[in-house]
Amino acid sequence: MVKAIVGANWGDEGKGKITDMLAEESDVVIRFQGGANAGHTIINEYGRFALHILPSGSFYPHVTNIIGNGVALDIQRLVNELKDITAQGVPAPNLIVSERAQLLMPYHILQDAYEEERLGGKAFGSTKSGIAPFYSDKYAKTGIQVCDLFDEERLRQRLDAAVERKNVMFQYLYHKPTLNADELFDQLMEYRELVRPYVGDAVTFVHQALREGKSILLEGQLGSMKDPDLGIFPMTTSSHTLAGFGCVGACVPPTSIEDVIAVTKAYSSCVGAKTEPFVSELLGDAGDELRRRGGDKGEFGATTGRPRRVGWFDAVATKYGCMVQGATQVALTCLDVLSYLDEIPVVTGYEIDGQVTTTFPVPGVLERAKPVFTVLPGWKCDIRGITDYDALPENAKKYVDFLESQIDAPITMVSTGPKRHEMTFRQAK
Ligand code: GDP
């Protein structure tokens, strides 16, 4: 049976913690989209880790971790991450890199940076990890698959064709140095040896695991708002962040996904360009305070270190985010962060052109949305680390009940701290 753990919002909802917790009882954990452009923070007995490309099951010797065909594979980043975690005492993870995954090439990273530079003030706020050029090339059919590394003639042809196109762009659009196909080929030969021990037929492995009744976790990156079809386009990422895409990016049958756990924080945070509409945003000193208190070390990007924009819980966006994920249950994280507040506003509607709606609008209209708040009383005591839901203060439980009533999806897990077992389980109403 397959469970997907995905983000209901803008990413950074705390999926890494939930995946790490559930991986304890799983056999296989699969990354199915995205690349090393976002990070999952995991705090466990080995220390604090920000995983970017490795699946979050990497800390358990009994888990097979898979980098699925839908992922943008940056081999150098993968190898560095493996070195980093083993240097901190984590046993080398069981890892399969799908032979069908495509390579995030050094020129994708260059192109990403050149394009942001060209756009200047109109830039997308890219992490410059090459993700948009990578997926553009994949769908333009000029990408290179991991399996091509083991077929030198095919690789050379594909590389020459890609470099020819890139050089026109680099020379005439960006006015930058051109690429040398021979050097790139040699680099790929080095990458081949680095990745060789992990490359495998993930598709057959996954289907065999399903036949054997194994439990599989799909680990999403970013969240609903960043999906190129259903998110806030074009302030999105370039791969699908929805559980449904797991069927493609991890190659599991659509009928096998029985459980979709949408993760959402008890407040909002959003990374990326300042120009992205973020209706529930909290600015000024109050915003700085929430950012400082948020997450386990403040709301700063796990990959980029950039300060995240923060805001109140947005029930309109989260209801939509859970709907498009097909959430069967919701994990609410970071409830402990709000313990300092006397009152906690929640966005329960958007006012657009004088009308209040609870339906999440298309991106152009979203820019005109103003938040409509419902204010709830705070609980004003430390709840960090509580593991019994009933032991939470009444106002904290009322806050959770209220959020659940607004998002049309059952909240079954409420997280009270960043560590693996700082978690309460709740009977949905
Ligand atoms: P992901 O990309 O969805 O895995 O999320 P990130 O790891 O980027 O961001 C979530 C942040 O919140 C990390 O710093 C986590 O350690 C932290 N975190 C997760 N759950 C909780 C929680 O319940 N309470 C607190 N205080 N921090 C949490």
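The values are calculated or read from the model by the stated rules, or taken from the named source; none is laboratory data. Only a predicted model underlies this, so the values are computations on that prediction, with no experimental measurement involved. Counting neighbours? That spans all protein chains shown, and the Cβs are built from the backbone with ideal geometry, glycine included.
Data overview
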item: Subset of the range 224-250 [within 16 Å of the ligand (Cβ to nearest atom), within 17 Å of Phe124 (Cα to Cα) and touching a residue at least 12 places away in the same chain (Cβ under 8 Å)]; result: Met225, Lys226, Asp227, Thr237, Ser239
item: Index of the failed condition, Ser215 passing every other in (1) more than 16 Å from the ligand (Cβ to nearest atom); (2) among the hydroxyl-bearing types (Ser, Thr, Tyr); (3) at pLDDT below 95; result: (3)
item: Some residue of the range 92-99 being modelled with pLDDT under 95, in a loop (DSSP other than H, G, I, E, B) and either out of contact with any Gly (no Cβ under 8 Å at 6 or more places or on another chain) or within 16 Å of the ligand (Cβ to nearest atom) (or both); result: yes
item: Identity of the residue in the range 338-364, closer than 27 Å to Thr236 by Cα and touching a helix residue (DSSP H, G or I) at 6+ places or on another chain (Cβ under 7 Å), that ends up surrounded by the fewest Cβ atoms within 10 Å (Cβ to Cβ); result: Thr358
item: In the range 316-336, the residues that are in contact with a helix residue (DSSP H, G or I) (Cβ under 8 Å, 6 or more places away or on another chain) and surrounded by fewer than 24 Cβ atoms within 10 Å (Cβ to Cβ); result: Lys319, Tyr320, Val324, Gly326
item: Positions within the range 381-400 being surrounded by 13 or more Cβ atoms within 10 Å (Cβ to Cβ), away from the ligand (no atom under 12 Å from the Cβ) and more than 17 Å from Gly349 (Cα to Cα), in sequence order; result: Tyr389, Leu392, Pro393, Asn395, Ala396, Lys397, Lys398, Val400
item: Residue within the range 34-57 that is in a strand (DSSP E or B), over 16 Å from the mean Cα position of the chain (by Cα) and polar (S, T, N, Q) present; result: yes
item: Condition broken by Phe233, with the remaining ones in (1) under 23 Å from Glu99 (Cα atoms); (2) aromatic (Phe, Trp, Tyr); (3) in contact with a helix residue (DSSP H, G or I) (Cβ under 6 Å, 6 or more places away or on another chain) satisfied; result: (1)
item: Of all residues making up the range 378-426, the number that are closer than 23 Å to Cys322 by Cα, among the polar types (S, T, N, Q) and either in contact with a strand residue (DSSP E or B) (Cβ under 7 Å, 6 or more places away or on another chain) or free of Cβ contacts under 8 Å to residues at least 24 places away in the same chain (or both); result: 5
item: Identity of the residue in the range 11-33, more than 10 Å from the ligand (Cβ to nearest atom) and either in a loop (DSSP other than H, G, I, E, B) or charged (D, E, K, R) (or both), that ends up surrounded by the fewest Cβ atoms within 10 Å (Cβ to Cβ); result: Glu25
item: Cβ pairs under 8 Å, 6+ apart, first in the range 322-346 and closer than 23 Å to Arg384 by Cα and in contact (Cβ under 8 Å) with a residue 60 or more places away in the chain, second within 13 Å of the ligand (Cβ to nearest atom) and in a helix (DSSP H, G or I); result: Ala331/Ile18; Leu332/Val400; Thr333/Lys17; Thr333/Ile18; Leu335/Ala396; Leu335/Val400; Val337/Leu290; Val337/Arg293
item: The range 306-324, residues that are away from the ligand (no atom under 12 Å from the Cβ) and more than 24 Å from Val375 (Cβ to Cβ); result: Pro307, Met323, Val324
item: Residue within the range 109-124 that is touching an Asp or Glu at 6+ places or on another chain (Cβ under 8 Å), surrounded by fewer than 20 Cβ atoms within 10 Å (Cβ to Cβ) and at pLDDT below 95 present; result: yes
item: Criterion violated by Phe49 - all others in (1) within 19 Å of Val97 (Cβ to Cβ); (2) touching a helix residue (DSSP H, G or I) at 6+ places or on another chain (Cβ under 9 Å) satisfied; result: (1)
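Okay, residues lined up against (1) without any contact (Cβ under 8 Å) to a residue 24 or more places away in the chain; (2) in a loop (DSSP other than H, G, I, E, B):
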residue	(1), (2)
Gly120	yes, no
Gly125	no, yes
Ser129	no, yes
Ala132	no, no
Cys147	no, no
Glu153	yes, no
Arg156	no, no
Val163	no, no
